[in-house]
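Following: one structure in structure tokens, then a few remarks.
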Amino acid sequence: MFRTSRLILVCALCAVAGPWLSGCTSRVEEKTTRPETRSADAKDKISSDETKPAAEKTPPAEAKGAVVEKGLWQTDFEAAKIKAKAENKLLLVDFTGSDWCGWCIKLKQEVFDKETFKTDAPKQFVCVELDFPQNKELSKELKEQNAKLSDQYKVPGFPTVLVMDPEGEVIARTGYLPGGPEAYVKQLGDFVKTYEKVVALKPQVEKVKGLDRAKLLDQLVNAYDKLGNESDDVAKWSAEIVTLDNENKAGLKPKYEFRVLMAKAVKLMANKKFDEAKAAFDKALAVSPITPEQKQYACMAQGEAFFHLNDFAGLVACLKKAQEAAPNGPRAAQIKQMLERFKDIGQMQEAVAKIKAQLEKATGIERAKLLDQLIDAQGKLNNSPVGRAPPAELAKLSKEIIALDADNKAGLKQKHEIRVALADAMGLAAEGKAVEAGAVIDKILATPDLPPDQLQELQCARGNCYLRAGEAPKGLECLKKAIKAAPQGRLVPALTNMIRFCEERIEKEKQQAGQQPKQEPKTESPAKDEPKTKQPQQ
């Protein structure tokens, strides 16, 4: 099957990021927490009878001065190809970040450094290490070679492990695999067997037509899937199978209609056309019949489109459909984890959307009440990684409420007068006028009987002004008052972080003050070579 990225379920300090379905990759610029993934546009081909055009052929290794190295792992790719041809073996090529990528280091320690691997792998493979270290210096030639090969083979992240034929054509793709050297060597052995099947099938396919050809092409596609090899040929064969089995006599048409439509949707995702991708996934889901696993996969992939559009209500709906499609499927635990992460954000977005729909017909006091609910709902959403409404936009809504509830019949006027004043104060603070902003907030704080949540928000803002003005101790005092005002309030997590930051800042300032050298009083000393007392001139 094709692959899309999987969402990393990490929410820290109101930040969400990551790929979607397969697993997170390590790039040179970032540290990894997941194994290697494969991108949807990886299109390396298994070796065929076709030859490359002369302009694309790699110069002979001998012309480059390639040298076969002693030991298990080669670093010169061209030399490794020569060795593989001479010994009638395949290439096992490891793209790695050997001194920084956690999963690369884990793969080396658990598999490549073990005697089982060192003994069994060389029987079928010439091993090649293409390293992208951060703390180890490589030669200029090696750096250039590795970078070129990374681009050529569309390496999405590290570790990426490719099985190739001696010509350098990709046979299979993999990465980190749990289970130690035995499991890894078995996987490589399975790749070899599947590759041999592919080599045997290709000539047979060319000799038959109609449904017989469709059935053999189906076997080829299944073999490529086992190899993790996402070739252009697979997309071409899938479309051909739909045509050959147009009446579904071989029972292959739905399977490959679904596959073709999913491929189009994934391509739209890769081009960041997320709205179009959502519609494409709907078409794939409309194919009948499809298996529960196919439906689950499509729903999860469609959820990624909603995620990129910051539509978490849509994401949650897709995840629920995926869960219903195959409750006990292999992705059940993953789906459950995602739902737990994003259901609250989805519910908040749904609440905001519902209130906005009701506002279209509401007038007068009823509109004021709905606007008040909208501001409160949006305030909760502002504490999530998405849906942040600009303060000026919320202040505008508060002003409308003040006008609609001018006589305070709904009891909303004072609440939103305070909101508008607070928005003005934070505007001053943003302009660097922290003292003026603090004075405005002090006037608001003098209002009697403030609700706990509003008091918390005001004390938080006042503390922020003190911090901006360089008065950390006073800022710390306000932040503590804010938590005391509403211990279960929505700002408590953020306030806790601010207090920790404030305490660290105060402690650092104390340490710096203690390290300042004491200034000794200056005394005038006579200039060099000058007598201590001047003699009167003769």
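Taking packing as the residue-averaged number of other Cβ atoms within 10 angstrom, the listed peptides 339-345, 318-324, 91-97, 409-415 run from highest to lowest as 91-97, 318-324, 339-345, 409-415. Straight-distance candidates among the lysines for linking to K354, with alpha-carbon spacing under 21 Å and chain neighbours fewer than 8 residues away dropped: K320, K343, K369, K380, K396. Going down the list K202/K249; K108/K295; K108/K321; K89/K143, which pairs span over 30 Å between their C-alpha atoms? Violating the 30 Å limit, Cα to Cα: K108/K295; K108/K321. Rounded to the nearest 20 debye, the dipole size of the range 362-509 about its Cα centre is 180 debye, using +1 on the Cβ of Lys and Arg and -1 on the Cβ of Asp and Glu. Take each peptide in 325-338, 294-307, 147-160, count the other Cβ atoms within 10 Å of every residue, and average; sorted highest first, the result is 294-307, 147-160, 325-338.
Here the calculated FRET efficiency for K380 and K209, from their Cβ-Cβ distance with R0 = 56 Å, stands at 0.35, rounded to the nearest 0.05.
Go ahead and run the numbers for FRET between Q109 and E436, Cβ-Cβ distance against an R0 of 60 Å, rounding to 0.05. The pair Q109/E436 has a calculated efficiency of 0.50. Here's the list of lysines a cross-link from K510 could span, going by alpha-carbon distance under 17 Å and ignoring same-chain residues fewer than 8 apart: K474, K518.
With Cα atoms defining each centre, the range 325-357 and the range 252-273 are spaced 24 Å apart in the structure. Short to long, the 5 Å bins of the Cα pair-distance histogram for the range 201-343 hold 2, 10, 17, 18, 19, 14, 10, 6, 3, 1, 0 percent of all pairs.
If you wrap the range 266-358 in the convex hull of its Cα atoms and look at it from every side, the mean projected area works out to 6.4 nm².
No lab work stands behind these numbers, since they all come straight from the coordinates. Source: prediction; values computed, not measured. Counting neighbours? That spans all protein chains shown, and the Cβs are built from the backbone with ideal geometry, glycine included.
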